[in-house]
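A.B. asks: Dumping the structure here so I can ask a few things about it.
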Amino acid sequence: MEQSADDLPLMANTSHILVKHYFVDLDVCFDSQVITGIIVLFLNPVSEHERLAKEACPVQPSKTCKKEESESLSHAPPVRCCLSNTRKEYPAVCTIGENDTSTKYEHYGNNNRASGNTCSESRCDRGNHGSRDFVLVLDCCDLSVLKVEEVDVAAVPGIEKCMSSPWPGEKSEEQRSLSSEMLSELVALPDSPWKEQLCYYTRCSQAPGCGELAFVSDTWSLQISKPGVEMPSKFPSVIRICYKTTSQGRSVKWTKDQSGRPCVYTIGSPINNRALFPCQEPPVAMSTWQAAVRAAAPFVVLMSGENSSTPKHCNEGFQRWFYYVTMPMPASTFTIAVGSWDEVKVNPSRSVRSMDACLPLNMDFSRSLMQECNHKDYPCRFSCPEARTQALIPHRIFAPRGLLNTCIEILLPLLPRCLEAAHAVLGTHPFCRLDILIVPPNFSSLGMASPHIMYLSQSVLSGRDHLCMARVCHEIAHAWFGLAIGARDWTEEWISEGFATHLEDVFLAEVKKLSLEETKEQNELKALIRYHRLADEVRNSQEELQILRPHGENTGEVSESGASIVRHGLNAEKTFMQMHYLKGYFLLRFLANRIGHGTYLSFLRKFVNKFHGQLILSEDFLQMLLESIPEQNKHGLSVEAIYQTWLDPPGMPKPLLEESHTLQANRLAHEVNEEVSKWIQSDRRSRRGNRRKKQRAEEFDGKIHPDQLVFLLDLLLEEKSLSTKTLRSLKEAYKLNSHDVEVQHRWCELVIKHKYTAAYKDVETFLQHHQAMGVYLYGELMVNEDGRQQELACRCFAAVRDQMDVSCVKVVGEMLCE
């Protein structure tokens, strides 16, 4: 497929070989702003039988497919490893996470480190083409790779215990043959001994090296080969990569928190984690991981992990944190944050319910339920009776010291209610715990969900709790849609964001315990606000960015090696668009209205139970939905019709244009329209200088709903002119500075549009404290061609530029013609 400059390439050859497990060992140095790392990759070649099976049932393997897959693993070509004459001593009992690894890499066997990127004498090909060497291609960018070596897993004492075949007592050719199969069997272990499996992964990761591998890197990939190895099945099954991050790395953000203390976090940038560690980025490369992270003692390390890590003291004032994940996930979901965060203590009255250790998975009891799951074997919460009834999972909140009181006041009471509401709607929480971190002000969005950890912008803590509640509900929804169920083709972003936006409203209604009538009214008003926002994006964006399925009929297809592209993945402007959020939301709203909300939510729960732990395309969701609807109720709905109306064309879908007229009749919207009319009349009287002015009724000011205030400001923004006196009265009447950033942003737009100089300070404050939300305000300041406004834009940008997210810098820089 053709690739443009703003497409993100996914280079990993996942059709040939897959990473099944990562062992990551990191040292975080704030003085040099470098993360030094060792990553051990446990690899499994994709057999021809598996490749054919994937083509036959790529998304939801039936029981027959799962059986064939299991058989293909047991009959796969043996995985190669090498034997070393030197064995390293290991403790007889391995406690997960307790065994440290040294930052001095020399003890891994080969002491001769590569001083830079190296490669074999002739450039290797990426696949098997007769006599040419096989090349493992990893997604990698902005990293300094120091050394790549093969790991001698046969040197690990006790590894034979995971073998199903007998292990000879004496070293022999038979033992060598068996040792070459041990990694296949380790990867294929069932979920019940997962602690033992992690223990073996830890031991294998610490085994000595037995030969360096040739490697070469380019802009987007790291290519590794072993001379003479021509097939994936002959490639080393465990390799160790020594590397360090670089200052220009786009996956890692070094900055300061709101209290001025240094911190670093992964930012979920368009290039994902390839500038944090070499990995396989395509979503089909599902893997487990475990990570050991060392940082200076005052710092707290938070990460995607099933365990709430307790730091272990190391030498020289450092602490070591250990996390692990047993649910296979795409590498892009790995998240890490290191800083001087303080924990927001949970109210003691709720601590028993919320802060218990993760419920143990009684796999013996739940084994009979496992046939309900269509994913690969792992300790699945959906098959655990205890987890199914756990409405409130353990949760913690971390924030900079200066925001602790705000978190206690706003976020802490909301979180349990939102978690319980999500469980009431969708059932089993896919993950056993949740940490929430309030990230620095340069974070590029209002929130980001990863396994077991959620980032929230400080912006959601502004004003009252309305926006915070909505955003927490949105990110919690991603636990199901985006994480437990992911898009097989990243260009179908609506599968994650559209569902989260729609479920955000459903969860909110449950949190607030709204009646059916209240739910209908508030959701209609929200839909009307989103309609205006979507219409604005359609008017002001390129048509190709308005398509929810940009690959069309080729969605989900990859090259022979498994490489693909994410269409527009490097387009910085797309980072701040909400097309997939809004258009996807309206599609789901349309479907729910057609089949009935109760029926739709009941179906959604069934869909989650069937597809959790898997990757899907739009077709999988739409096909199952339509199959669940009686023929007489389909009203002409079909997968192809939905493609042609909603997913494939740009612009506003026709059913949405038709619904917009109905939304205007909403009672809450009608109240706002009446209030706007009063403001406009008041403004006109003020302009005429009528001394016998009529006082505007103020009884609506105190009871206005937050969404009504947002809609009111949206309508006032459509007015060509408003007087200074009207703007001043508007700010005083609604106390606009005390509301959330959705309201404040619209107020800033009014200030800029009408050149209300008395409130320019509000704009400056907003741009400094809400950097992601303020991106398009820079454009508004520049488009007016007003010298004072342009000077304000340049001054604010200069003050925050060095700390800004790279996407924000690019977009704002273009607006300011830099």
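The values are calculated or read from the model by the stated rules, or taken from the named source; none is laboratory data. Since we're looking at a predicted model, the values are computed, not measured. Here the Cβ is made from the backbone with ideal geometry for all residues, glycine too, and neighbour counts use every protein chain on show. Calculation scope for accessible area: heavy atoms of the full protein, side chains included, ligands and nucleic acids excluded. Shrake-Rupley method; radii C 1.70, N 1.55, O 1.52, S 1.80 Å.
A.B. asks: Given a Förster distance of 25 angstrom, what is the FRET efficiency for residue 310 paired with residue 409, based on the Cβ-Cβ distance and rounded to 0.05?
C.D. replies: 0.30
A.B. asks: Give me the Å³ per residue figure for the convex hull around the C-alpha atoms of the stretch 472-561.
C.D. replies: It is 121 Å³ per residue.
A.B. asks: Near the amide H of residue 434, under 5 Å away, which other amide H atoms are found, from residues 5 or more places off or on another chain, if H is placed in the peptide plane?
C.D. replies: Sorted by chain and number, the residues that satisfy this are 395, 396.
A.B. asks: Then there is this: Quick one: net charge around residue 516, please, counting Lys, Arg +1 and Asp, Glu -1 for every other residue with C-beta under 13 Å from its C-beta.
C.D. replies: Computed value for this residue: -2.
A.B. asks: Another question, then. How compact and how long is the stretch 593-687, expressed as Rg and Dmax of its alpha-carbon atoms in Å?
C.D. replies: Considering the stretch 593-687 through its Cα atoms, Rg and Dmax are 20.3, 63 Å.
A.B. asks: What is the diffusion coefficient of the stretch 531-575 in µm²/s, taking the Kirkwood radius over Cα pairs and the Stokes-Einstein relation at 37 °C with a viscosity of 0.692 mPa s?
C.D. replies: 264
A.B. asks: If you roll a 1.4 angstrom probe over the protein chains with everything in place, what fraction of the accessible area of the stretch 375-509 belongs to carbon and sulfur, to the nearest %?
C.D. replies: Of all accessible area on the stretch 375-509, carbon and sulfur atoms account for 53 percent.
A.B. asks: Separate question: Report D for the stretch 723-818 in µm² per second (integer): Stokes-Einstein, Kirkwood Rh on Cα pairs, 4 °C, 1.567 mPa s.
C.D. replies: 96
A.B. asks: Given a Förster radius of 45 Å and the C-beta distance between residue 733 and residue 557 as r, what FRET efficiency does 1/(1 + (r/R0)^6) yield to the nearest 0.05?
C.D. replies: 0.20
A.B. asks: Further question on the same structure: Between residue 389 and residue 532, what length comes free when the chain is fully extended (0.36 nm per residue of separation minus the Cα-Cα distance, one decimal in nm)?
C.D. replies: 47.5 nm
A.B. asks: For the stretch 706-757, which trypsin sites (Lys or Arg not before Pro) pass both filters: DSSP loop (anything but H, G, I, E, B) and at most 14 other C-beta atoms within 10 Å?
C.D. replies: Filter output for the stretch 706-757: 720, 735, 755.
A.B. asks: Evaluate the distance, in nm, between pseudo-label points positioned 7 Å from the Cα of residue 654 and of residue 247 along their respective Cα→Cβ axes.
C.D. replies: 5.8
A.B. asks: Would you mind checking the stretch 785-817 for residues with the amide N under 18 Å from a putative spin-label position 7 Å along Cα→C-beta of residue 768?
C.D. replies: Correct set: 789-805.
A.B. asks: Taking a 1.4 Å probe, which of 762, 377, 802 shows the most accessible area, and what order do the others take after it?
C.D. replies: 802, 377, 762
A.B. asks: Using 0.36 nm per residue, how much length does the chain from residue 680 to residue 661 gain when fully extended, once their Cα-Cα distance is taken away?
C.D. replies: Taking residue 680 through residue 661 to full extension adds about 4.6 nm, to one decimal.
A.B. asks: Could you tell me what fraction of 2.2 N^0.38 Å the Cα radius of gyration of the stretch 710-775 comes to, as a two-decimal ratio?
C.D. replies: Rg over 2.2 N^0.38 Å, computed on Cα atoms: 1.01.
A.B. asks: Show me the trypsin sites (Lys or Arg not before Pro) within the stretch 576-666 that DSSP assigns to loop and that have at most 15 other Cβ atoms within 10 Å of their Cβ.
C.D. replies: Those that pass, being in a loop and sparsely packed, are 634.
A.B. asks: Just to verify a number: what accessible area does residue 429 come out at with the full protein assembly present, 1.4 Å probe, Å² rounded to tens?
C.D. replies: Solvent-accessible area, nearest 10 Å²: 10 Å².
A.B. asks: Here's something else I'd like to know. Taking H as built 1.01 Å from N, whose amide H comes closer than 5 Å to the amide H of residue 450, not counting residues under 5 places away?
C.D. replies: 455
A.B. asks: Same structure, new question: If r is the Cβ-Cβ distance from residue 791 to residue 641 and R0 is 60 Å, what FRET efficiency results, to the nearest 0.05?
C.D. replies: Once rounded, the FRET efficiency stands at 0.70.
A.B. asks: Oh, and also: Keeping all protein chains in the complex and leaving out DNA, RNA and ligands, what accessible area do you get for residue 661 with a 1.4 Å probe, in Å² to the nearest 10?
C.D. replies: 140
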